[in-house]
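Notes to accompany the following structure.
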Amino acid sequence: MSAFRSMTSFRNADVVVVGGGTVGAWTAALLAENSTLEVVLLEARTLGDGASSRAAGMVRAQGGTETAIRLGLRSQEFYSESGERFPLDCGFVRQGYLMPCFTPGEVAQAHDRIALQQSLGLDVEWLSGDDIDSRATGLAPGSTLGASYAPGDGYLDAPRNVLAYTAALTATGVDVRERCAFTGLRTSGGRVVGVNTSEGPIDTGRVVLTGGPQLAEVGARAGGRIPAGGARHQVVVTAPLPLDVHELPMVFDVTSGIYWRPGEAGGLLWGMSNPDESPGPAIDFDTAYFLTAQKRIEALLPSVVGLGLRRSWAATIDYTPDHLPILGPLLTDDGPVQGTVVASAAGHGMMWGPAVAQVAAELTKFGECDWLDLTDLGLDRFDADGNSRLAPEPISLPFPETLEKISS
């Protein structure tokens, strides 16, 4: 079976997946892997055209909730084994990740997180400030009170991931329909019977809805309401450091929302999100906020002082108000739509994407998932205003927690 076929090939499918980003593409590949299912993937533009090709690629299991930790561990396992299952591996590098603390309160929170993480099987430890100062971390001496450290956390380059899932889609025989927009869901008796697209209808009994920053719009077209949105995130790559950047651990300063990892050609890749910025799509680079964030990273990592930039970019990345994934059926005013699965990684696309895709594939095939508790991860956790009954995932970028500017 060949992929990337035209709409004239057939107008029915066992499963239709909406969205060709990390979650949607890996979901489609997993559904078709070792399967006789006819899987169609709809992408309004081209594969990876959105945030999936612009992400920083941080992959950590040092989450603050059981959900985050399990998703992080599962994604790391997937990335590590991807080359054995599909034509190309995802290029995952286990670099090690420090999460420094700067106040006694942060230290106490870190110890609580470590206990939870270790109980779930994560290899993580506490390093004191003296421990950090005695290691080659690049951090300014005396700048922290200590940090949690997980040697298995790492990163991948976003374009490599897009290339890997494109090869996987082809190898598994997914019918990829680029430049084909999802325009609506067809239902009968509370069950999905097909989708409408810009190129015509497709009959199907199972649909997976993804869409990253456009997920709310996808939900509206399907006849439901999905509390999800988009916000600007910025990434830069510096000129080469005066030391070997590949010998440094990755670092996430949760307080400021700044993180870094090795970049290309000996430079440092670091990213930032403005905690005071209103939600909404934005792809232009905010130089003023970059200069503010630059002061913080220069105080923590003196080796970047005075370095120029090789590259800089901004992308709109998705979020949910509680920074937790959405995994469950689409809800409409008439109740859940049988045969549908909504799948969102809540702004953690590279970090949780393959694991979220695994859950979506299992829900689509079997109606259940036996390795992640989905009790509170469906759309029913949100009220009419998009407020979640759950406490937010604490180890996240400073995404908005409101939905004022989300399209409906």
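The values are calculated or read from the model by the stated rules, or taken from the named source; none is laboratory data. Note that the coordinates shown come from a computational prediction; the quantities given were computed from them, not determined experimentally. FYI the Cβ positions are ideal-geometry reconstructions off the backbone, even for glycines, and counts take in every protein chain you see. What goes into the accessible areas is simple: the full protein's heavy atoms, side chains included, and nothing from ligands, DNA or RNA. Shrake-Rupley method; radii C 1.70, N 1.55, O 1.52, S 1.80 Å.
Data overview
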read-out	value
Scan of segment 74-90 for residues that are open to solvent by 30 Å² or more (accessible area, probe 1.4 Å) and under 24 Å from MET272 (Cα atoms), ordered by number	none
Residue match in segment 102-116 (condition: in contact (Cβ under 8 Å) with a residue 40 or more places away in the chain, buried (at least 16 other Cβ atoms within 10 Å of the Cβ) and within 24 Å of ALA315 (Cβ to Cβ))	no
Counted residues, segment 182-212 - those being under 26 Å from GLN358 (Cβ atoms) and small (Gly, Ala, Ser)	4
Selection count where residues are crowded, with 24+ Cβ neighbours inside 10 Å and within 13 Å of ALA216 (Cα to Cα), scope segment 326-344	5
Pick from segment 143-168, criterion assigned to a loop (DSSP other than H, G, I, E, B) and open to solvent by 60 Å² or more (accessible area, probe 1.4 Å), ranking: nearest to SER75 (Cα to Cα)	ASP157
ALA56 being surrounded by 15 or more Cβ atoms within 10 Å (Cβ to Cβ), touching a His at 6+ places or on another chain (Cβ under 9 Å) and part of a loop (DSSP other than H, G, I, E, B)	yes
ILE258, sole failed condition from (1) in contact with a Phe, Trp or Tyr (Cβ under 7 Å, 6 or more places away or on another chain); (2) surrounded by 22 or more Cβ atoms within 10 Å (Cβ to Cβ)	(2)
Cβ pairs under 9 Å, 6+ apart, first in segment 127-153 and hydroxyl-bearing (Ser, Thr, Tyr), second open to solvent by 20 Å² or more (accessible area, probe 1.4 Å) and part of a loop (DSSP other than H, G, I, E, B)	SER128/LEU145; SER143/PHE102; THR144/PHE102
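For every residue, the table says whether it meets (1) in contact with a helix residue (DSSP H, G or I) (Cβ under 7 Å, 6 or more places away or on another chain); (2) in contact (Cβ under 8 Å) with a residue 12 or more places away in the chain; (3) of a type in the set (S, T, N, Q).
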site	(1), (2), (3)
SER273	no, yes, yes
THR287	no, no, yes
GLN294	no, no, yes
ASP322	no, yes, no
GLY328	yes, yes, no
LEU331	yes, yes, no
PRO336	no, yes, no
ALA360	yes, yes, no
